[in-house]
Amino acid sequence: MVLLAIDDPRQFLPSDLLTFRLERLYPLARYSYINNEMIARGERTAAQMHLNAEADQRFLKVLIANRLEEFDTWNQSALVAEAGIGSMELHTWIAGAAAHKIAGGNPPELSFYSVTPELGIAAGVVHGE
């Protein structure tokens, strides 16, 4: 935890004499109100958060086609570099789809997908019968 104590609150008033290094605020972006403000100002982008709709769509295309064996050939390190650590969650999607397939279920269908930088996530819903 970092605690900043300032005797004179006027030090935070806008001034040409004082500028902040915004990259120093990035560790604070895990707090939603700071992250939201940085996004609103255009100081933080989906790319900086490793939200990668293209990588997600590639994953969903293979998942929905029920070609689960194809994931065995994917380079996990490259995927994390491209789509961020959240891509590790995809293992649970693959496991769920594999269990559904083995139980005789139909191929999964995409119900919803959205990139939501304000929340720092991309979210999707698939279902199968």
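The values are calculated or read from the model by the stated rules, or taken from the named source; none is laboratory data. As the structure is a prediction and not an experimental result, all values here were calculated from the model. For neighbour counting, all protein chains shown are included, and Cβ atoms are generated from backbone atoms with ideal geometry for every residue, glycine included.
What the table below lists for this structure:
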read-out: Neighbours by Cβ (under 6 Å, 6+ apart or cross-chain): first from segment 40-64, acidic (Asp, Glu); second surrounded by 16 or more Cβ atoms within 10 Å (Cβ to Cβ); value: Asp56/Ala122
read-out: Sole exception among (1) surrounded by 14 or more Cβ atoms within 10 Å (Cβ to Cβ); (2) part of a helix (DSSP H, G or I); (3) at pLDDT 75 or above for Ile34, by number; value: (3)
read-out: Residue that is under 30 Å from Met38 (Cα atoms) and among the charged types (D, E, K, R), where the choices are Glu70, Glu89, Glu129, Glu109; value: Glu89
read-out: Looking only at segment 118-127, and only at residues there that are assigned to a strand (DSSP E or B) and under 11 Å from the mean Cα position of the chain (by Cα), the one that is nearest to Trp93 (Cα to Cα); value: Ala123
read-out: Some residue of segment 41-60 being among the small types (Gly, Ala, Ser), modelled with pLDDT of 85 or more and surrounded by 10 or more Cβ atoms within 10 Å (Cβ to Cβ); value: yes
read-out: Residues of segment 61-117 satisfying the condition of being assigned to a helix (DSSP H, G or I), surrounded by 11 or more Cβ atoms within 10 Å (Cβ to Cβ) and of a type in the set (Ser, Thr, Tyr); value: Ser87
